[in-house]
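**Q** Following this message is one structure expressed as structure tokens.
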Amino acid sequence: MRRGKKWLPKGWAARVPATIVEPMSGNHPRRGLTLHNEGVDRDCTPGHVVALARYVVGQRINYHAVWCPRCGQWAQCAPFTAAARSQVGGPVWKGASANKAGTVNIQIAVAAYGYRDFTRTHLRGAWVLAEIMDAHRIPWRARKVWGLGASRSVTSWMRSGVHGHQHGPQDDHTDPGSINAAALFREARRQQKARRARQKAKR
Ligand SMILES: [Zn+2]
């Protein structure tokens, strides 16, 4: 995906545009990506990713994207350069809410998962995550502690990289639970490389 592109290409993701988009604060160089989950375990049924995207837009939660790592489907609700509304606001860094602190904070909800660790699945469609991270220059580093013991420190939140909703300062959500971020990164890169190699061979 091209550097800075606001929307995933149409062939990669369904588009369920949010009705409200808000600017990022932009007064800090933080480039973050925050992972959420749906909060309930569900079967992976046809159309469930788009259904969840429609629901969150209706609720004005507006994750940037919804992803199911079992079927590999993606839906996008908000442009990556705007702020999603999926975390509580409140001053975090000079008046920026946790949602809006920094230059980008791309918020992705993993569909169909409650507290099971989604990084233990086959992670279909993880290459899209890799493309988003590269296009928006999110560093490939993640919070060290996930699950019990995760810190909500403002200093850690203000570092660029991959966080969970559970790391959000002044928040009380505990999703996406205890995941293996290193395994997610490994698989996302592996799929991205394999896909690019296949496309090169086609040309
Ligand atoms: Zn699914």
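The values are calculated or read from the model by the stated rules, or taken from the named source; none is laboratory data. In this text the structure is predicted, and so the values were computed from the model without any measurement. Note that we place each Cβ from the backbone using ideal geometry, even for glycine, and neighbour counts take in every protein chain shown.
**Q** Looking only at segment 117-130, count every residue that is away from the ligand (no atom under 11 Å from the Cβ) and either hydroxyl-bearing (Ser, Thr, Tyr) or out of contact with any strand residue (DSSP E or B) (no Cβ under 9 Å at 6 or more places or on another chain) (or both) and tell me the total.
**A** 7
**Q** Collect the residues in segment 98-115 that are among the hydroxyl-bearing types (Ser, Thr, Tyr) and either within 16 Å of the ligand (Cβ to nearest atom) or modelled with pLDDT under 90 (or both), keeping them in residue-number order.
**A** Once the filter is applied, which keeps residues that are among the hydroxyl-bearing types (Ser, Thr, Tyr) and either within 16 Å of the ligand (Cβ to nearest atom) or modelled with pLDDT under 90 (or both), segment 98-115 yields Tyr113, Tyr115.
**Q** Does segment 131-164 hold any residues that are hydroxyl-bearing (Ser, Thr, Tyr) and either within 16 Å of the ligand (Cβ to nearest atom) or touching a strand residue (DSSP E or B) at 6+ places or on another chain (Cβ under 7 Å) (or both), and which are they?
**A** Ser160
**Q** Taking only pairs six or more apart or across chains, which ones have beta-carbon atoms under 7 Å, a first residue in segment 141-156 that is surrounded by 13 or more Cβ atoms within 10 Å (Cβ to Cβ), and a second residue that is modelled with pLDDT under 95 and not in a loop (DSSP other than H, G, I, E, B)?
**A** Val154/Trp93
**Q** While we're looking at this one, here's another question. Please state which of the following conditions Thr19 fails to meet, knowing it meets all the rest: (1) within 17 Å of Ala135 (Cβ to Cβ); (2) touching a residue at least 24 places away in the same chain (Cβ under 8 Å); (3) surrounded by fewer than 23 Cβ atoms within 10 Å (Cβ to Cβ).
**A** So Thr19 meets the others, but not (1).
**Q** A follow-up question, please. When the residues of segment 66-97 are filtered to those that are small (Gly, Ala, Ser) and surrounded by 24 or more Cβ atoms within 10 Å (Cβ to Cβ), which remaining residue is nearest to the ligand (Cβ to nearest atom)?
**A** So, considering only residues that are small (Gly, Ala, Ser) and surrounded by 24 or more Cβ atoms within 10 Å (Cβ to Cβ), the one nearest to the ligand (Cβ to nearest atom) is Ala75.
**Q** Does Gly39 satisfy the criteria of being out of contact with any strand residue (DSSP E or B) (no Cβ under 7 Å at 6 or more places or on another chain) and within 16 Å of the ligand (Cβ to nearest atom)?
**A** When the stated conditions are applied, Gly39 passes them.
**Q** Based on what the data block shows, is Arg54 out of contact with any Cys (no Cβ under 6 Å at 6 or more places or on another chain), on the phi < 0 side of the Ramachandran plot and of a type in the set (Lys, Arg)?
**A** yes
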